[in-house]
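A.B. asks: Could you have a look at this structure, given as structure tokens, before my questions?
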Amino acid sequence: MNKKYDLIILGSGPAGITAGIYAMRAKLDTLLLEKDFVSGGQVLNTYEVDNYPGLPQITGIELSEAFEKHAKGLNLPIEQGEVTGIFRESDSFRVETDGEIYRAYTVIIASGTHHRTLDIPGESELTGMGVSYCATCDGAFFKEKTVAVVGGGDAAVEDAIFLARICKKVYLIHRRDQLRAARILQDRLMELANVEMLWNCEVEKIIGDQQVSSIEINKHTEEGSKHTSLDVDGIFIAVGVLPNNQGLDGVAKTDPAGYLIAGEDCKTSTPGIFAAGDIRTKALRQIVTAAADGANASASVLQYLTNFHKDSL
């Protein structure tokens, strides 16, 4: 393809869609590429969103559809394709997908992350129906109910502390006999009367018919393994997230975990390459922060292109 865009955006989650909206309003010749057949990113996996300003109790699907409708109303082109590589070509970049080659002066990478899963029976089937990966997103729906949190790091302990304010009972399930979380978090956790620790335990199966009803646990003891069932209304899995950085090798500097290093202006170490949303290094990964990144990234792209064209005169 010989056409050269002003901007190519990778990913159609809140960051990518917002970047596209701002780019189209700035009259930039823009293309958005999404690897899946539907837009929305991880928002699609959340049944109900209750913390996006002005739209309480909207479903993840409804919010994604609203984002996409807004973008398409501005005639943002969206094409399906999974990126396999990004390469510098003199004054622009070549973006290769599994089926096409595109070129642009700038690229916003908004490919997001994916949650590390337990990879056990019932997990994928009941995601959004009691299986959650975000306590701050979904915790309010389990008021006065019993839930389990799986994990042993800061995120898991923070989730358990947060849920303890809302839920009747919280089980924190960890496969080892001590937590990895910061000591101050552990101290706060141990003060909570409605939190019960289940040490040396692994969840083997999640059970439910359209909604989580129980989990099967394997407890490791000196005598061997003991299998048991635990009645819960929901399970929050906090065993880490992984950046969607496939096809991005060598594109820009990353941190040890594979996230693209970029500040609030979304500029990476490579001029012309920007990172927005969960794929970039940041403290809080939420829908609202991803949308903010999309706006900032497009503003930085516009500034870059303005300077680029000035230098070309």
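Please treat every number below as a calculation from the coordinates, not as lab data. Predicted, not measured: the structure shown is a model, and the values here were computed from it. FYI the Cβ positions are ideal-geometry reconstructions off the backbone, even for glycines, and counts take in every protein chain you see.
A.B. asks: Using a Debye calculation, one point per C-alpha and no hydration shell, please list log10 I(q)/I(0) for the chain at q = 0.15 Å⁻¹ in order.
C.D. replies: Relative scattering, expressed as log10 I(q)/I(0), comes to -1.12.
A.B. asks: Could I ask something else about it? In sequence order, what are the phi-derived ³J(HN,Hα) couplings for the range 169-178 according to the Karplus relation 6.51 cos²θ - 1.76 cosθ + 1.60 with θ = phi - 60°, rounded to whole Hz, with x for glycine and proline?
C.D. replies: 8, 10, 9, 9, 9, 9, 6, 10, 9, 8
A.B. asks: In nm, give the distance between the simple-model label positions of Ser213 and Thr84, each being 7 Å from the Cα along the Cα-to-Cβ direction.
C.D. replies: So the two model labels end up 4.7 nm from each other.
A.B. asks: Also: Under 19 Å from the 7 Å Cα→Cβ point of Ile166, by amide nitrogen: which residues of the range 185-211?
C.D. replies: 189, 192-196, 211
A.B. asks: If you don't mind, there's one more thing I want to ask. Taking 4 °C and 1.567 mPa s as the conditions, I'd like the Stokes-Einstein D for the range 1-135 in µm²/s, using the Kirkwood hydrodynamic radius from alpha carbon pairs.
C.D. replies: In µm²/s, the coefficient is 81.
A.B. asks: Could you give P(r) for the range 131-237, binned at 5 Å from zero, as whole percent values over all Cα-Cα pairs?
C.D. replies: Taking all Cα pairs of the range 131-237, the binned fractions are 2, 13, 25, 25, 20, 10, 3, 1 percent.
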